1. Which one is nearest to the chain's Cα centre (by Cα) among residues in region 55-74 that are of a type in the set (Gly, Ala, Ser) and closer than 13 Å to ARG11 by Cα?
2. Is it the case that region 43-51 has a residue that's of a type in the set (Val, Ile, Thr) and more than 18 Å from the chain's Cα centre (by Cα)?
3. I'd like to check something: does region 53-66 contain any residue that is touching an Asp or Glu at 6+ places or on another chain (Cβ under 8 Å), open to solvent by less than 50 Å² (accessible area, probe 1.4 Å) and either touching a residue at least 12 places away in the same chain (Cβ under 8 Å) or not in a helix (DSSP H, G or I) (or both)?
4. Can you name every residue in region 18-35 that is open to solvent by 60 Å² or more (accessible area, probe 1.4 Å) and within 8 Å of the chain's Cα centre (by Cα)?
5. In region 1-47, which residues are assigned to a loop (DSSP other than H, G, I, E, B) and either modelled with pLDDT of 95 or more or more than 24 Å from TRP63 (Cβ to Cβ) (or both)?
Amino acid sequence: MTADAALQKKRLTAMLVINAVCFVLAGVSIYGAVSLRIDWLRLVFLGAIVAGLGSHVWFILGWMRAAKGEEGAS
């Protein structure tokens, strides 16, 4: 496994962990906001969604950067 592939594997693992945490946090916070009527949990829900999407963007940008580096090396 090359160094780039190992880095991408670590990046993928980190993204999946962040997404799992954000998924659980978003589910709990939307339950609290809707069922228990705790209004500030809506912001927690939105923050979890933004953090999950941010982890996807972070992964894709790293992947693009690695692909760009491979093209320049060839």
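1. So the residue we want is SER55.
2. no
3. Among the residues of region 53-66, at least one is touching an Asp or Glu at 6+ places or on another chain (Cβ under 8 Å), open to solvent by less than 50 Å² (accessible area, probe 1.4 Å) and either touching a residue at least 12 places away in the same chain (Cβ under 8 Å) or not in a helix (DSSP H, G or I) (or both), which makes the answer yes.
4. Matches in region 18-35: ILE18 only.
5. Answer for region 1-47, where residues must be assigned to a loop (DSSP other than H, G, I, E, B) and either modelled with pLDDT of 95 or more or more than 24 Å from TRP63 (Cβ to Cβ) (or both): SER35, LEU36, ARG37, ILE38, ASP39, TRP40.
The values are calculated or read from the model by the stated rules, or taken from the named source; none is laboratory data. In this text the structure is predicted, and so the values were computed from the model without any measurement. Positions of Cβ are backbone-derived with ideal geometry, glycine not excepted, and every protein chain shown enters the neighbour counts. Calculation scope for accessible area: heavy atoms of the full protein, side chains included, ligands and nucleic acids excluded. Shrake-Rupley method; radii C 1.70, N 1.55, O 1.52, S 1.80 Å.
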